Amino acid sequence: MFSRRDGIKLAGALALTGGVAEAAAAPTVKTPVNFPTVKTPVNFPTVKTPVNFKVPAGACDCHVHVFPDPARFPFWSGRGYTPPVATASDLLALQKALHLDRVVIVTPSVYRTDNAATLDGMRQLGRKRARGVAVIGPETTKADIAAMDKAGIRGIRVNLESNGVTDPAAAAANLDAAVAMIKDTRWHMQFYARLPVLAALKDKLAAMPMTPVFDHFAGAKAALGPDQPGFDAVLGLVKSGKAYVKISGAYRASDEAPDYPKVAPLARALIAANPDRIIWGSDWPHPGPAGKLPTDINVPFPVDDGRVLNLLAEWAPDAATRHKILVDNPARLYGF
C-alpha cells in the first residue's frame with residue numbers, strides 16, 4: 001500500500017526538491033531583453049556547425065527541456081537555478097536545424113512536479129513530433145497520470161542527482177513508492193543519478209516491472225573511461241535488454257569541449273553492448289550553473305548542437321546503427 005510516509009519519501013526524489021526549502025511564493029522572473037530570438041533555423045544560436053551526415057527520417061532528440069514565459073508558467077519557488085526563456089518555437093527551430101522529426105521534452109527541476117510547461121510544449125509541437133517525460137509526487141492522482149498519458153507522457157523522471165541523493169540505500173527506499181505510482185501504466189522510469197548509485201541498485205533496477213532509462217551516459221565520467229567502477233553494471237543492464245541509456249549531455253560527462261574526446265569510449269562501449277537500447281539526446285537548452293542566487297538568470301553552457309550531433313556519426317559510423325539510435329529505439333520506447 002502506498003502510505004503517506006511513502007509519499008514523503010517519494011517527494012524527495014521525484015519532486016526534485018534539490019534539498020532547498022520552498023519559499024512562500026514563486027517570484028516573477030523577467031525574460032532578459034538580450035535573449036536571442038530565432039527567426040530562421042539556420043541562425044539558431046546553438047547550432048553553429050552544420051550536420052555532416054544524413055539524418056534518417058523520423059530521427060528523435062530524446063532529451064530536451066522547455067522554459068516558456070514564466071509569467072504564464074511560474075518556476076517553483078524552491079528551485080536551484082533560473083534559466084532564460086527557451087520556447088517550443090525555439091525548440092522547433094532547433095529540430096529543423098538538426099534535421100530531426102521527433103523530440104522528447106523532459107520536465108526539469110525548476111518546475112518541481114508542475115508539468116504544465118512540458119505539456120504545453122508538447123501540445124504546440126503536436127503528437128506526431130512530441131512526447132514527454134513528467135515529474136510526479138504524492139499529490140499526483142491517478143486521474144493526473146491518465147490525463148498525462150493521453151497527452152503523450154511516456155515516463156517519469158527520478159532526479160537523484162539534483163536532489164543530492166548519493167546514498168544507494170536512500171535511493172532504494174524511494175523506488176518502491178515510485179513503482180507503485182506508475183505500475184498500471186505503460187510508462188518507463190528515467191533516472192538522473194551518479195554511476196555508483198545506479199551500480200549499487202543494479203539488482204533492484206533489473207527486477208523493476210517497468211523499463212529503467214539512464215540519463216547522460218548513466219552518470220559516468222569521461223575522464224575515468226569505460227573501466228571506471230560501476231560502468232560494467234550499466235553495461236550489463238543494457239546488454240541484457242533491461243535498460244536504455246541516453247548518450248546525451250556529453251558536456252556533463254566531460255569538460256573537454258567542443259568534441260569531448262574522452263566521451264567517445266563510453267559511447268562506443270554502450271553501443272557495442274546493445275545498440276537496441278541506446279538513444280540520443282541534445283540536452284538543449286543546456287541550463288548552466290546557478291548564479292549567486294537561485295533567482296538569478298543563469299547563462300546556458302555554450303554547446304554547439306550541430307557539432308555534438310556530428311559526434312554520433314563518429315561513435316556509430318554505421319548508418320544502420322544510427323537508425324536504431326535515432327529512430328527505432330525512440331519509437332519503441334516513446335510510442336511514436
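The values are calculated or read from the model by the stated rules, or taken from the named source; none is laboratory data. The structure displayed is predicted, hence computed values, not measured ones. For neighbour counting, all protein chains shown are included, and Cβ atoms are generated from backbone atoms with ideal geometry for every residue, glycine included.
Quick notes on this structure:
- Residues of segment 54-77 satisfying the condition of being under 16 Å from residue 90 (Cα atoms) and aromatic (Phe, Trp, Tyr): 67
- Residue within segment 148-158 that is crowded, with 18+ Cβ neighbours inside 10 Å, at pLDDT 90 or above, at positive phi and in a helix (DSSP H, G or I) present: no
- Looking across 203, 176, one residue alone is over 17 Å from the mean Cα position of the chain (by Cα) and in contact (Cβ under 8 Å) with a residue 40 or more places away in the chain. It is 176.
- For segment 159-199, taking the residues that are aliphatic (A, V, I, L, M) and part of a loop (DSSP other than H, G, I, E, B), the one that is modelled with the highest pLDDT is identified as 193.
Every residue, every condition in (1) farther than 28 Å from residue 150 by Cβ; (2) surrounded by fewer than 16 Cβ atoms within 10 Å (Cβ to Cβ), yes or no:
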residue: 173; (1), (2): yes, no
residue: 184; (1), (2): no, yes
residue: 193; (1), (2): yes, no
residue: 197; (1), (2): yes, no
residue: 201; (1), (2): yes, no
residue: 217; (1), (2): yes, no
residue: 227; (1), (2): yes, yes
residue: 247; (1), (2): yes, no
residue: 257; (1), (2): yes, yes
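- Helices (runs of 4 or more DSSP H) fully within segment 263-336 that include at least 1 residues being under 16 Å from the mean Cα position of the chain (by Cα) and at negative phi: 305-315, 329-334.
- Complete set of residues in segment 319-334 that are touching a residue at least 12 places away in the same chain (Cβ under 8 Å) and farther than 15 Å from residue 63 by Cα: 319, 321, 322, 323, 324, 328
- Answer from 259, 215, 227 - the residue that is closer than 20 Å to residue 134 by Cβ and acidic (Asp, Glu): 215
- Scoring residue 315 on the criteria (1) within 19 Å of residue 91 (Cβ to Cβ); (2) at pLDDT 95 or above leaves a single failure, condition (1).
- For segment 206-232, the set of residues classified as without any contact (Cβ under 8 Å) to a residue 60 or more places away in the chain, in a loop (DSSP other than H, G, I, E, B) and not hydrophobic (A, V, I, L, M, F, W, C) consists of 209, 221, 225, 226, 227, 228, 229, 230, listed by residue number.
- Search result, residues across segment 125-142 that are under 20 Å from residue 210 (Cβ atoms) and either part of a helix (DSSP H, G or I) or touching a residue at least 40 places away in the same chain (Cβ under 8 Å) (or both): 131, 133, 135, 136, 137, 138, 140, 142
- Filtered residues of segment 233-249 (kept if farther than 13 Å from residue 279 by Cα and either free of Cβ contacts under 8 Å to residues at least 24 places away in the same chain or aliphatic (A, V, I, L, M) (or both)): 233, 234, 235, 237
- Boolean, residue 122 is at pLDDT 95 or above, within 15 Å of residue 66 (Cβ to Cβ), under 19 Å from the mean Cα position of the chain (by Cα) and not in a loop (DSSP other than H, G, I, E, B): yes
- Within segment 59-75, considering residues that are assigned to a loop (DSSP other than H, G, I, E, B) and touching a Leu at 6+ places or on another chain (Cβ under 8 Å), the one surrounded by the most Cβ atoms within 10 Å (Cβ to Cβ): 66
- Only a single criterion out of (1) within 18 Å of residue 108 (Cβ to Cβ); (2) hydrophobic (A, V, I, L, M, F, W, C); (3) at pLDDT 95 or above; (4) in contact with a Lys or Arg (Cβ under 8 Å, 6 or more places away or on another chain) is not satisfied by residue 59, namely (1).
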